[in-house]
1. Identify the residue in segment 32-66 that is part of a loop (DSSP other than H, G, I, E, B) and either small (Gly, Ala, Ser) or modelled with pLDDT of 90 or more (or both) and, among all such residues, is surrounded by the fewest Cβ atoms within 10 Å (Cβ to Cβ).
2. Among the residues of segment 208-237, write down those that are in a strand (DSSP E or B) and over 21 Å from the mean Cα position of the chain (by Cα).
3. So residue 188 passes all but one of these: (1) outside the structural domain of residue 88 (by the TED database); (2) on the phi < 0 side of the Ramachandran plot; (3) of a type in the set (Lys, Arg). Which condition number does it fail?
4. State which residue is farthest from residue 34 (Cα to Cα) when the search covers only segment 136-153 and only residues that are among the polar types (S, T, N, Q) and open to solvent by 10 Å² or more (accessible area, probe 1.4 Å).
5. Test residue 162 against the criterion of being in contact with a strand residue (DSSP E or B) (Cβ under 9 Å, 6 or more places away or on another chain), in the same structural domain as residue 84 (by the TED database) and open to solvent by less than 20 Å² (accessible area, probe 1.4 Å), and give yes or no.
Amino acid sequence: MHFAPFLVKSVLPRMHESSKITRMSNNKPTALMMKYLYSLILESGEKPDSLLSRLSYKEAMDWMNRLKCQAKAKAKAFQHLSSFHERSVRTIDTSDHKELAWIGNQLSLTYYGRPCKVPIEWDKSLNNAAGFFAFNQHTHKPIRIVQSMWQYNQFGAQHVIGTLKHELAHYHLFTEGKPFRDEDEAFKQECRRIGAPLYALAMKEGYETSCEACGMFTGLEKKERKKLKSRCCKEPLHFGSYVLIFPDGLRVEVEK
């Protein structure tokens with residue numbers, strides 16, 4: 001079995017100056033808050049900026065509530081339409097595959113005029129790609145489309161919509177016998193045609209660590225573990241601030 005993964009890559013522009021707000025306190029927002037805020041920013045069409053690294057807890061909460069209200073209003077407007085509209089999707093049921101498969105088929109009908117005839121499923125453990133299209137290389141038959149639940153929890157429903165469109169482009173080109181891999185120009189053109197992203201988004205988090213002997217940065221660790229030692233000097237690690245690293249590389253200190 002082979003699959004075409006929707007790989008993770010950081011590709012985000014800067015935010016408009018008009019989105020800036022006044023600082024009010026020095027309490028740090030939590031990691032969960034900032035992840036949700038980031039998904040709302042993407043959903044709203046606003047563009048992230050270095051301002052995210054300077055938000056207090058209250059500022060992040062205020063911005064989050066404002067964007068949430070805007071997103072609900074937009075989704076409600078689309079829900080009045082008689083046919084499916086991808087911008088109306090704000091949440092997706094993860095208890096089973098039914099709603100995800102329904103959304104994928106609606107997207108397939110919208111952009112290709114025919115349903116997707118393979119299962120569309122969640123994967124709880126997939127965290128190095130947003131999703132993938134699996135196929136049998138020997139029988140040349142499509143098998144399934146898989147969506148990372150981890151990516152949904154990180155970036156929200158609209159990022160899932162983008163991933164599904166990306167994987168549907170793989171699927172339909174494959175079934176038509178056309179070039180369908182990520183590096184193929186025909187695939188890139190198809191993604192542009194249907195408004196699908198070429199890459200997923202990556203977000204990292206953890207304690208910033210450094211070597212206690214020489215001070216060299218040694219990476220991020222999710223948990224403080226005293227037994228860890230640096231590769232450079234074989235000395236214990238110093239655990240610093242807990243941070244989120246956003247897709248554009250922006251570093252934000254948060255409470256875990």
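The values are calculated or read from the model by the stated rules, or taken from the named source; none is laboratory data. Keep in mind that what you see is a predicted model, and the values were worked out from it rather than measured. Virtual Cβ from ideal backbone geometry, glycine too; neighbours counted across all protein chains shown. For accessibility, only protein heavy atoms count, side chains too; no ligands or nucleic acids. Shrake-Rupley method; radii C 1.70, N 1.55, O 1.52, S 1.80 Å.
1. Step one: filter segment 32-66 for residues part of a loop (DSSP other than H, G, I, E, B), giving 45-49, 55-56.
Okay, now just the ones that are also either small (Gly, Ala, Ser) or modelled with pLDDT of 90 or more (or both), so 45, 55-56.
On the way: 45: 10, 55: 24, 56: 16.
My answer is 45.
2. Listed by number, the residues that qualify are 208, 209, 210, 211, 217, 218, 219, 229, 236, 237.
3. Against the list (1) outside the structural domain of residue 88 (by the TED database); (2) on the phi < 0 side of the Ramachandran plot; (3) of a type in the set (Lys, Arg), residue 188 comes up short only on (1).
4. Among those that are among the polar types (S, T, N, Q) and open to solvent by 10 Å² or more (accessible area, probe 1.4 Å), it is 139.
5. On the way: in contact with a strand residue (DSSP E or B) (Cβ under 9 Å, 6 or more places away or on another chain): yes; in the same structural domain as residue 84 (by the TED database): yes; open to solvent by less than 20 Å² (accessible area, probe 1.4 Å): yes.
Yes.
Results for (1) in contact (Cβ under 8 Å) with a residue 24 or more places away in the chain; (2) among the hydroxyl-bearing types (Ser, Thr, Tyr); (3) outside any loop (DSSP other than H, G, I, E, B), shown as yes or no for each residue.
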position: 81; (1), (2), (3): no, no, no
position: 84; (1), (2), (3): yes, no, no
position: 103; (1), (2), (3): yes, no, yes
position: 115; (1), (2), (3): no, no, no
position: 130; (1), (2), (3): yes, no, yes
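For every residue, the table says whether it meets (1) free of Cβ contacts under 8 Å to residues at least 24 places away in the same chain; (2) among the hydroxyl-bearing types (Ser, Thr, Tyr).
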position	(1), (2)
156	no, no
179	yes, no
192	yes, no
213	yes, no
218	yes, yes
221	yes, no
230	yes, yes
241	no, yes
